[in-house]
Amino acid sequence: MLRKTKNFLQAHKIDYEKEHVNPLIVPEKVYVLKFGKGQLNNRFIVEHTYTWTGRIKINKISLRLHGQKSPHEFRNETELLQYLKSHLKSYAQA
């Protein structure tokens, strides 16, 4: 999941860590990818479900940067990558 985003982070030498969280109450699964240079204080939160054929359907991607009150929300990974490319300096500070 988020293969293009992981490749983008690796190309710009930004560290990341991933984990899956399965909430008990809601049917959606949650995938968290923490990233940053030095400290992993930024994160992507991907809410996804599975279709009846077993494919992953991404419902929402939230981007929370360090110190941000409300997250940026994206419908798919291409919108997320466009945002990341335009705001590279704000989250890749050393």
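Couple of notes before you dig in:
- Segment 1-55, subset in a strand (DSSP E or B) and in contact with a Phe, Trp or Tyr (Cβ under 6 Å, 6 or more places away or on another chain), residue farthest from Leu84 (Cα to Cα): His20
- Here Gly38 meets each of (1) of a type outside the set (S, T, N, Q); (2) surrounded by 12 or more Cβ atoms within 10 Å (Cβ to Cβ); (3) touching a residue at least 24 places away in the same chain (Cβ under 8 Å); (4) more than 15 Å from Glu77 (Cβ to Cβ) with one exception, condition (2).
- Only residues that are exposed (fewer than 10 other Cβ atoms within 10 Å of the Cβ) and at pLDDT below 90 were counted across segment 1-18, and they come to 2.
- Any hit, segment 68-82, residues being touching a Pro at 6+ places or on another chain (Cβ under 9 Å), surrounded by 11 or more Cβ atoms within 10 Å (Cβ to Cβ) and at pLDDT below 90: no
- Some residue of segment 13-23 being of a type in the set (Val, Ile, Thr), touching a strand residue (DSSP E or B) at 6+ places or on another chain (Cβ under 8 Å) and in contact (Cβ under 8 Å) with a residue 12 or more places away in the chain: yes
- Checked against (1) over 17 Å from Leu9 (Cβ atoms); (2) in contact with a strand residue (DSSP E or B) (Cβ under 9 Å, 6 or more places away or on another chain); (3) not aliphatic (A, V, I, L, M); (4) not in a strand (DSSP E or B), Glu79 passes all but a single condition, namely (1).
The values are calculated or read from the model by the stated rules, or taken from the named source; none is laboratory data. What you are looking at is a predicted structure, and each value in this text was computed from that prediction instead of being measured. Every residue, glycine as well, gets a Cβ built from its backbone with ideal geometry; the counts of neighbours run over all protein chains shown.
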